[in-house]
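A short worksheet on the structure shown next.
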Amino acid sequence: MKRILLLVFLGLLSCNFINADVSIPFLVAYFPFDNDANDFSGNGNNGTAEKVDFRSGGTGTIGVFGKTSYVSVPDNNTFNFSSVTGVSIAVRVKQESRTNGYIVVKMGPGGRNDDEYSLALTDDGHVTGGFVQTTSNFKGVTSRSILNIDTWYDIILIWKKSGEISLYIDGDLDTLTTSSVTSIQNTGFPLIIGDPDTIASNSIVGSMEDIYIYNRAMTSDEIAEFSIYHKPTGLSPNSIEEDCFLYPNPVPDEVNISTSVNFKNSKFKITDMGGRLLMSGFLSTENHTLNLSSFKPGLYNIIIDNGTRTISKKILKQ
């Protein structure tokens, strides 16, 4: 059993706190591209990057990919989706050249008998994706929307055991189809982010951040929140919006939150990158200190809601 602690702080702030030293259910891999290709899901699915430029950008840190850039993640049992109820692949991506290229691909060189799934961009700006059950049973989907060049988009591809396949762009349903694919074959080939130009295509030419892979279908709330997290503020990295400022970030043990009067008495919550609630409470005054000393090192989301507006920010626990 996971250990759940309920702490009540009397006075200005009351919080519900769940011990963060546990794995994140259903999240198979999470790659924030925080200067490397390491996995922050807790499953140890760290990748080896080739020709990927990690730098600041987007809403934090990004990986910049050329036609032959890629990240290779060794296969293991966490990537066995043959008996799961759903699969979700979520990524923030910016296409910087009109070329065909993979975002995420798990397939071998021998045709559909060793393919599992893929998510890609085309040279005319469409998003494509697909899932394979057997050599003769596969289904692809293509977006109705055409992505603009040099523009960030939140893309989510979802397969459900019922055979339903959906594609979301910036939180909105773009394409929905049905299929006879009711399981995903397991091949043992590595997961590739981008593509080394040795399987079937190239990598996308562009930038990526925050790739999530779940072994279930994301909920409507999770789909919406994925886009909310990435809304740009145009402010400094530690600033959520003009009404809210948090520091220091990265966080050693405590994070300070200063809000304007507009966000007095607001609700707040902190989640891990899988959306699991770790802390919640109320910001009763304009200056607060939260103790995160029990949190494991890694990325977390803080969301503040005053009833009419919601603002969010990633924080890095050292």
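The values are calculated or read from the model by the stated rules, or taken from the named source; none is laboratory data. Not measured: the values here are computed from a predicted model. All Cβ positions, even for glycine, are placed from backbone atoms using ideal geometry, and neighbour counts span all protein chains on display.
Looking at this structure, is I257 touching a Phe, Trp or Tyr at 6+ places or on another chain (Cβ under 8 Å), at pLDDT 90 or above and either surrounded by fewer than 19 Cβ atoms within 10 Å (Cβ to Cβ) or more than 21 Å from G171 (Cα to Cα) (or both)?
The answer is no for I257.
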> In segment 93-116, what residues are basic (K, R) and modelled with pLDDT of 95 or more?
Replying inline: K94
> Of the residues that make up segment 178-200, is at least one hydroxyl-bearing (S, T, Y) and under 14 Å from I89 (Cα atoms)?
Replying inline: no
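This table checks each residue for (1) in the same structural domain as M107 (by TED's automatic domain parsing); (2) more than 19 Å from I211 (Cα to Cα); (3) in contact with an Asp or Glu (Cβ under 8 Å, 6 or more places away or on another chain).
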site: V132; (1), (2), (3): yes, yes, yes
site: T135; (1), (2), (3): yes, yes, no
site: G140; (1), (2), (3): yes, yes, no
site: L147; (1), (2), (3): yes, no, no
site: D150; (1), (2), (3): yes, no, yes
site: L157; (1), (2), (3): yes, no, no
site: S166; (1), (2), (3): yes, no, no
site: I169; (1), (2), (3): yes, no, yes
> Residues in segment 266-285: is at least one of a type in the set (D, E, K, R), assigned to a strand (DSSP E or B) and at pLDDT below 90?
Replying inline: yes
> Wholly within segment 46-141, which strands (runs of 3 or more DSSP E) include no fewer than the required count, namely at least 1 residues that are surrounded by fewer than 24 Cβ atoms within 10 Å (Cβ to Cβ) and touching a Pro at 6+ places or on another chain (Cβ under 7 Å)?
Replying inline: 48-50, 60-65, 70-73
>> Tell me yes or no: at least one residue of segment 200-215 is modelled with pLDDT of 95 or more and surrounded by fewer than 21 Cβ atoms within 10 Å (Cβ to Cβ).
In response: yes
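Can you name every residue in segment 279-291 that is hydrophobic (A, V, I, L, M, F, W, C) and surrounded by fewer than 21 Cβ atoms within 10 Å (Cβ to Cβ)?
Correct list: F282 only.
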>> For segment 147-192, which positions are small (G, A, S) and part of a loop (DSSP other than H, G, I, E, B)?
In response: S162, G163, G171, S179, S180, S183, G188
